[in-house]
Amino acid sequence: MYQFLDGIQSPQDVKRLTFSELSVLAAEIRKYLIESVAKTGGHLASNLGVVELTLALFKTLDLPNDSIIWDVGHQSYVHKLLTGRREQFDSLRKFGGLSGFPKSSESIYDAYNTGHSSTSISAALGMTRASDILGENRRAVAVIGDGALTGGMAFEALNDAGTYNKNFIVILNDNEMSIAKNVGGLSRYLTQLRVKPAYSKLKSELSKGISQVPYVGKPVLGGLKKVKDAFRQLLTQSTVFDDLGFTYLGPIDGHDLPFLCQILVRAQSISGPVLIHIKTKKGKGYKFAEDKPTAFHGVGVFEVETGESGKGGENYSKVLGRCLTDIATRDNRICAVVAAMPDGTGLGQFGKSFPDRFFDVGIAEQHAVTFAAGLAKKGLKPVVALYSSFLQRAYDQVLHDVCLQNLPVVFCVDRAGLVGEDGETHQGVFDMAFLSHMPNMTVLSPANFTEFTEMLNYATNEHNGPIAIRYPRGSVHYDYNGLPFTLGQPDVVSEGSEVCLLSAGHMLQTAMEARKILVNEGVSATVVNLRTLSPLKQDVICKLCGNHKLVVTLEDGVMQGGIGQQVLSLVPNGTQVLIKAHKNGIVPHGSLEQLYKMCGLDAETIAKEIIERIREEK
């Protein structure tokens, strides 16, 4: 039983509590989060860091009339707890349960769906300006982290927002890097001074009065501004936010709840855009998360008392890190480029082994790709490791800066296909469709770790031009002794006469499971591991399909523009083709087993459809 948390169902319940009561509530929230996420897995450290910030926003804003736009959104657990969803927390990230990110279909308090980084300021500014047009008295507050601020889209939005002449609030949650050094008593004093209503009113009236004096007003006003800027420069560092047109407040202790509320109230009275810079501690209140915030950013099930979780086995990310490090010892032209995910992509060790050839560019996928193009242009061999759903953000750069120039950039596309609990914003089901239609691009997909190693060696040592290797999250693979990898050459894993199953990447395991069911039903099936997904050669595909009654393609990607449609365009007219792929790519969160079954991409469903199709033909 909790003294205060048990009674919280809405922001109105938070508003009624005193600051001393809110302090107790903050401790209760942290205890609940640690115990709950330990059972379900999820994003822990980031949520422990925003407890006071969330309470301050709930205390000072008029929700749901006002809106909070959480950048990325993985730090919205506290928000969900306080908006009537606590009883559902045991279903967090499970099929049919609570999403790990804001979802407007879940609650009226989730104002905007997020999942990718650096979008909050753009969305909040659009919603704010829309309210102006509609004559509504609503505000949208963007909450963005220092990591997300490295994304170029955030600065595009800040640049636009700087011209807005009405109140608009951006909160920068800085839990890692230092943006400004003016922390201390002087900074706090200046911040308090600048947000006092009397100061804002005096500044506004003085500017208005002087500007109306003929011939003198504007020059004097400009002179006063220069004096003010010079004085401020003497006392404190100017920030890029000031230069963009924002009133900058901070840095502020993000765990000082009363002061946070004071700043938020005052910020709402300032005319024009305001950026509040708060400093928080990621993982606050749980020692293991404080000591290892990266490890507890996204965590599986763990023991609360020890912070220990189950040790993961071999996976594609680890294979990439080990294999690329080995290749780089023999070739000093090999470079690795990541976008704020060195450990997630498995390249942390590469960075330690070759710091001069390892580039973490921050959450800036567009820059990562074009930067790699620049490396390749000068004769280096860059390997860009990105999650599939994040590679989408650099579509134009892959096409314009790499493919059109036919540059030898290797794309290691991690988390391709379904990723499970992170849901629709993170499912990697579009990369095959958009990469396959790009000029000069070659796309490979391994069925196991051995093939992945062979493909990576080929891509870095032999291939000339852009090439992508897509592979799934974790250890999902089919371990068999196949033919050594050769570009464009599929591997016939099992031969039959009635049905030809063409599988892409890790779907080989599903194809073999489906074949077993078919054989038990008296259906003879050929299983082919395509390995090279694009470009497909017509003569190779037609030879594989042969005299089979039915050709079935299996892919962990969207149907439109995928492998199946390519095969359909290559086989002779009249050839029966069954395409097994994701219909539209919108796949919710849940376990992989549940999601594949829901999408009809499990072995039982595939085998059943094949049998029905063959019987229809007879």
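The values are calculated or read from the model by the stated rules, or taken from the named source; none is laboratory data. The model shown is predicted, which means the values in this text are computed figures rather than measured ones. Because the Cβ atoms are built from the backbone with ideal geometry, glycine has one as well, and the counts that use them run over all protein chains shown. Note: areas computed on protein heavy atoms with side chains; ligands, DNA, RNA excluded. Shrake-Rupley method; radii C 1.70, N 1.55, O 1.52, S 1.80 Å.
Laid out as a table, the results:
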read-out	value
Residues within the stretch 281-303 that are aliphatic (A, V, I, L, M) and either farther than 16 Å from A38 by Cα or not in a loop (DSSP other than H, G, I, E, B) (or both), tallied	2
Out of V519, V552, sole residue that is of a type in the set (V, I, T) and open to solvent by 60 Å² or more (accessible area, probe 1.4 Å)	V519
Matching option when the condition is farther than 30 Å from H548 by Cα, at pLDDT 95 or above, within 27 Å of the chain's Cα centre (by Cα) and buried (at least 24 other Cβ atoms within 10 Å of the Cβ), among A468, A504	A468
Matching entry among T526, T460, T442, T486 (being free of Cβ contacts under 8 Å to residues at least 60 places away in the same chain, in contact with a strand residue (DSSP E or B) (Cβ under 6 Å, 6 or more places away or on another chain) and of a type outside the set (D, E, K, R))	T526
Conditions (1) open to solvent by less than 20 Å² (accessible area, probe 1.4 Å); (2) at pLDDT below 95; (3) of a type outside the set (S, T, Y); number of the one not met by R93	(1)
Residues located in the stretch 382-434, provided they are touching a strand residue (DSSP E or B) at 6+ places or on another chain (Cβ under 6 Å) and of a type in the set (K, R)	R415
Odd one out for T294 among (1) buried (at least 18 other Cβ atoms within 10 Å of the Cβ); (2) closer than 30 Å to S118 by Cα; (3) not small (G, A, S)	(1)
Filtered residues of the stretch 52-90 (kept if in a helix (DSSP H, G or I) and open to solvent by 10 Å² or more (accessible area, probe 1.4 Å))	E52, K59, T60, R86, E87, Q88, D90
Any hit, the stretch 598-614, residues being modelled with pLDDT under 95, outside any loop (DSSP other than H, G, I, E, B) and of a type in the set (D, E)	yes
Per-region count, the stretch 96-125, residues part of a helix (DSSP H, G or I) and either aromatic (F, W, Y) or open to solvent by less than 40 Å² (accessible area, probe 1.4 Å) (or both)	5
Strands (runs of 3 or more DSSP E) (entirely within the stretch 378-450) containing at least 3 residues that are surrounded by 24 or more Cβ atoms within 10 Å (Cβ to Cβ) and touching a Cys at 6+ places or on another chain (Cβ under 9 Å)	381-387
Residues of the stretch 140-161 satisfying the condition of being open to solvent by less than 60 Å² (accessible area, probe 1.4 Å), touching a Leu at 6+ places or on another chain (Cβ under 9 Å) and outside any strand (DSSP E or B)	D146, L149, A157, L158, A161
Scope the stretch 561-589; condition open to solvent by less than 20 Å² (accessible area, probe 1.4 Å), within 28 Å of S389 (Cβ to Cβ) and at pLDDT below 95; matching residues	G585
Flag if T306 is surrounded by fewer than 21 Cβ atoms within 10 Å (Cβ to Cβ), more than 24 Å from the chain's Cα centre (by Cα), assigned to a helix (DSSP H, G or I) and not basic (K, R)	no
One residue from L249, L264 being under 21 Å from K59 (Cα atoms), at pLDDT below 95 and touching a strand residue (DSSP E or B) at 6+ places or on another chain (Cβ under 8 Å)	L249
Within the stretch 479-588, helices (runs of 4 or more DSSP H) holding 1 or more residues that are of a type in the set (S, T, Y)	507-520, 563-570
Test for L22: is it in contact (Cβ under 8 Å) with a residue 40 or more places away in the chain, more than 29 Å from Y387 (Cβ to Cβ) and open to solvent by less than 10 Å² (accessible area, probe 1.4 Å)	yes
Extreme residue, surrounded by the fewest Cβ atoms within 10 Å (Cβ to Cβ), among residues of the stretch 162-176 that are of a type outside the set (D, E) and under 15 Å from H277 (Cβ atoms)	N175
Checklist (1) in contact with a strand residue (DSSP E or B) (Cβ under 8 Å, 6 or more places away or on another chain); (2) among the basic types (K, R); (3) open to solvent by less than 50 Å² (accessible area, probe 1.4 Å) applied to K282, failing item	(1)
Qualifying residue in the stretch 226-240 (condition: within 28 Å of the chain's Cα centre (by Cα) and either modelled with pLDDT of 95 or more or farther than 17 Å from L53 by Cα (or both))	yes
Residues being within 19 Å of G557 (Cα to Cα) and surrounded by fewer than 16 Cβ atoms within 10 Å (Cβ to Cβ) - total across the stretch 476-499	0
Qualifying residue in the stretch 74-90 (condition: at pLDDT below 95, under 24 Å from the mean Cα position of the chain (by Cα) and among the aliphatic types (A, V, I, L, M))	no
Yes/no for R16 being over 28 Å from F246 (Cα atoms), basic (K, R), open to solvent by 40 Å² or more (accessible area, probe 1.4 Å) and without any contact (Cβ under 8 Å) to a residue 24 or more places away in the chain	yes
The stretch 1-36, residues that are within 12 Å of L257 (Cα to Cα) and outside any loop (DSSP other than H, G, I, E, B)	F19, S20, E21, L22, S23, V24, L25, A26
From G49, G41, residue being on the phi > 0 side of the Ramachandran plot and either touching a residue at least 24 places away in the same chain (Cβ under 8 Å) or open to solvent by less than 10 Å² (accessible area, probe 1.4 Å) (or both)	G41
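Let's see how each residue does on (1) among the hydroxyl-bearing types (S, T, Y); (2) part of a helix (DSSP H, G or I); (3) modelled with pLDDT under 95:
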{"residue": "G312", "(1), (2), (3)": "no, no, yes"}
{"residue": "K318", "(1), (2), (3)": "no, yes, no"}
{"residue": "T325", "(1), (2), (3)": "yes, yes, no"}
{"residue": "A328", "(1), (2), (3)": "no, yes, no"}
